[in-house]
Amino acid sequence: MDAFVIQGGARLRGRVRVNGSKNACLPLMAAALMTDDPVVLTDVPDLRDTRNMASLLESLGCGVQFDGEHHRATLRVKDEGQSLAHYDIVRTMRASVCVLGPLLAKRGVAKVSMPGGCNIGDRPVDLHMRGLRLLGAKIRLEEGYMVAEAPAGGRLHGARVFLGGPYGSTVLGTCNVMSAAALADGTTVIESAACEPEVADLAKMLNAMGANITGAGTPRMTIEGVKNLHSVEHQVIADRIEAGTYIMAAAITNGDVVLDNCPIDALTALIDRLAQVGLEIQPADEDAKSVASDDMRQSIRVGSYRRLNPVHVVTQPHPGFPTDLQAQIMALLCLADGNSLITDKIFPDRFMHVPELSRMGASLIRNGPSVMVSGVRELIGAPVMASDLRASAGLVLAGLVARGTTTVNRVYHIDRGYEKMEVQLQQLGATIQRVEGSA
């Protein structure tokens with residue numbers, strides 16, 4: 001298994017472009033199952049997860065031509081005879097469950113393995129099944145698989161669906177129910193729908209394919225079912241989590257970095273907290289490759305003061321602070337001048353990075369869903385173990401600023417969600433290398 005070896009201490013400087021969003025791309029790819037026509041996606045990140053999703057779709061009879069160099073994927077259904085999403089593929093990533101709604105809506109049947117992915121806490125799929133049942137689906141669990149069948153006649157029907165859960169709304173559940181409702185008979189209203197920009201991006205593409213969806217990005221969505229969807233070419237939104245990670249990489253190294261293709265409009269909660277920490281985030285210079293009319297594709301310059309202030313961070317559903325940036329801001333606050341408190345209300349057990357940061361000299365005390373972070377003067381390089389995708393990113397950030405050498409093992413987690421992270425950081429001046437690891 002590969003590892004990153006990092007020599008800490010380099011200030012990051014330069015320019016980097018934010019890639020397309022992993023979390024948006026996977027449901028977009030799954031939506032190709034809903035039409036017989038080709039679906040073309042641009043700005044597709046070349047990641048383990050997108051490659052795994054391509055393999056899953058191919059097993060379901062959808063051909064995928066993936067051009068990683070140009071970040072372009074062409075998908076077209078060739079055979080509708082397969083509706084089984086095998087465990088061997090689904091276990092590699094939780095987002096595989098987003099084929100459930102498209103398969104059910106288009107083919108009338110779906111057999112999808114219970115999903116896998118990062119070990120970050122309990123993420124039940126009961127809301128997915130409840131929503132699809134309200135659309136008329138018959139769903140049962142069978143040997144680790146969700147088996148869903150459309151009602152007699154083969155078409156789902158519109159309904160009122162509530163998708164609120166104990167930790168907020170469900171992003172993938174909203175994508176599944178929205179996709180299924182797009183081809184259902186009648187009107188569906190989703191209450192407590194996820195408001196994340198990835199959900200809105202899926203709705204945008206489905207509408208371009210002929211769907212009739214309103215209210216995407218708000219807690220109440222309305223879907224008027226249509227009979228067929230058609231071909232589309234769609235550009236994936238920029239990855240707000242990758243953008244936030246590189247913003248904090250600049251901050252933790254006291255760097256000066258320009259981010260192009262930055263979805264600034266989706267990062268309000270992060271920028272609010274970082275402003276309190278002491279970061280300066282401004283529009284980039286005039287020659288930046290910025291699309292001034294699109295706040296989801298801006299160019300920004302990130303700088304920071306040498307003194308970092310402590311803050312209180314609480315993760316919440318969008319537009320609140322993202323749980324996927326919790327580990328990264330924890331690494332940053334390890335060097336703040338004072339005590340910070342981080343509470344994760346989405347995944348209260350998502351703290352596998354805490355003992356690893358402690359190995360590097362961080363002063364952290366966990367109490368249930370919260371961690372008290374007492375700032376220290378410096379972090380010390382050490383061998384650490386990546387446990388999940390975003391925890392891995394937090395450890396890399398800590399390694400960038402730690403004194404000495406940090407080895408981050410099991411970076412296959414990082415490869416699931418960051419395209420060639422070490423190359424991006426090298427371009428900004430970091431001393432980081434990928435090596436074959438033993439762990």
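The values are calculated or read from the model by the stated rules, or taken from the named source; none is laboratory data. These numbers were taken from a predicted model, which means no experiment stands behind them. Note: ideal-geometry Cβ built from the backbone for every residue, glycine included; neighbour counts use all protein chains shown.
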Exactly one of 193, 95, 110 is among the small types (Gly, Ala, Ser), touching a residue at least 60 places away in the same chain (Cβ under 8 Å) and within 29 Å of residue 233 (Cα to Cα), and that one is 95
Residue 222: passes all of (1) surrounded by fewer than 23 Cβ atoms within 10 Å (Cβ to Cβ); (2) under 21 Å from the mean Cα position of the chain (by Cα) but (2)
Counting only residues in region 100-132 that are outside any helix (DSSP H, G or I) and modelled with pLDDT of 90 or more, the one nearest to residue 391 (Cα to Cα) is identified as 112
Scanning region 1-19 for residues that are at pLDDT 95 or above and outside any loop (DSSP other than H, G, I, E, B) gives 3, 4, 5, 6, 7, 13, 14, 15, 16, 17
Expected output for region 370-388 (first residue at pLDDT 95 or above, partner among the polar types (S, T, N, Q), Cβ below 6 Å, 6+ apart or cross-chain) is 370/343; 373/340; 374/339; 374/363; 376/363; 381/405; 381/406; 383/407
Filtering region 47-71 down to residues that are in contact with a Phe, Trp or Tyr (Cβ under 8 Å, 6 or more places away or on another chain) and either surrounded by fewer than 15 Cβ atoms within 10 Å (Cβ to Cβ) or not in a helix (DSSP H, G or I) (or both) yields 47
The residue from 264, 329, 346, 365 that alone is without any contact (Cβ under 8 Å) to a residue 12 or more places away in the chain, among the aliphatic types (A, V, I, L, M) and out of contact with any Cys (no Cβ under 7 Å at 6 or more places or on another chain) is 365
If you go through 64, 99, the only one that is of a type outside the set (Lys, Arg), closer than 23 Å to residue 132 by Cα and in the same structural domain as residue 35 (by TED's automatic domain parsing) is 99
Going through region 87-99 in order, the residues found to be outside any helix (DSSP H, G or I) and either crowded, with 24+ Cβ neighbours inside 10 Å or basic (Lys, Arg) (or both) are 91, 93
Scanning region 335-354 residue by residue, those under 24 Å from the mean Cα position of the chain (by Cα) and not β-branched (Val, Ile, Thr) turn out to be 341, 344, 345, 347, 348, 349, 350, 351, 352, 353
In region 133-171, residues that are modelled with pLDDT of 90 or more, more than 12 Å from residue 184 (Cβ to Cβ) and touching a Leu at 6+ places or on another chain (Cβ under 9 Å) total 11
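For (1) assigned to a loop (DSSP other than H, G, I, E, B); (2) assigned by TED's automatic domain parsing to the domain that holds residue 95; (3) at pLDDT below 95; (4) within 18 Å of the chain's Cα centre (by Cα), each residue gets a yes or a no:
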residue	(1), (2), (3), (4)
358	no, no, no, no
361	yes, no, no, no
364	no, no, no, no
399	no, no, no, no
406	no, no, no, no
419	yes, no, no, yes
426	no, no, no, no
Checklist entry - Does residue 213 qualify as being touching a Ser or Thr at 6+ places or on another chain (Cβ under 7 Å), in the same structural domain as residue 107 (by TED's automatic domain parsing) and at pLDDT 95 or above? => result no
All-but-one check, residue 176 against (1) of a type in the set (S, T, N, Q); (2) crowded, with 22+ Cβ neighbours inside 10 Å; (3) touching a Phe, Trp or Tyr at 6+ places or on another chain (Cβ under 6 Å), failing number (3)
| said: Can you find a residue that is outside the structural domain of residue 426 (by TED's automatic domain parsing), in contact with a Ser or Thr (Cβ under 7 Å, 6 or more places away or on another chain) and either assigned to a strand (DSSP E or B) or surrounded by fewer than 19 Cβ atoms within 10 Å (Cβ to Cβ) (or both) anywhere in region 20-33? | reply: no
Residues in region 316-358 that are among the basic types (Lys, Arg) and either closer than 16 Å to residue 374 by Cβ or crowded, with 19+ Cβ neighbours inside 10 Å (or both) total 1
Expected single match for at pLDDT 95 or above, touching a His at 6+ places or on another chain (Cβ under 7 Å), outside the structural domain of residue 164 (by TED's automatic domain parsing) and in a strand (DSSP E or B) among 341, 395 is 341
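If only one of 194, 208, 243, 266 is surrounded by fewer than 16 Cβ atoms within 10 Å (Cβ to Cβ) and closer than 21 Å to residue 28 by Cα, which one is it?
None of the other options fit; the residue is 208.
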Exception for residue 377 within (1) part of a strand (DSSP E or B); (2) over 15 Å from residue 322 (Cα atoms) falls at (1)
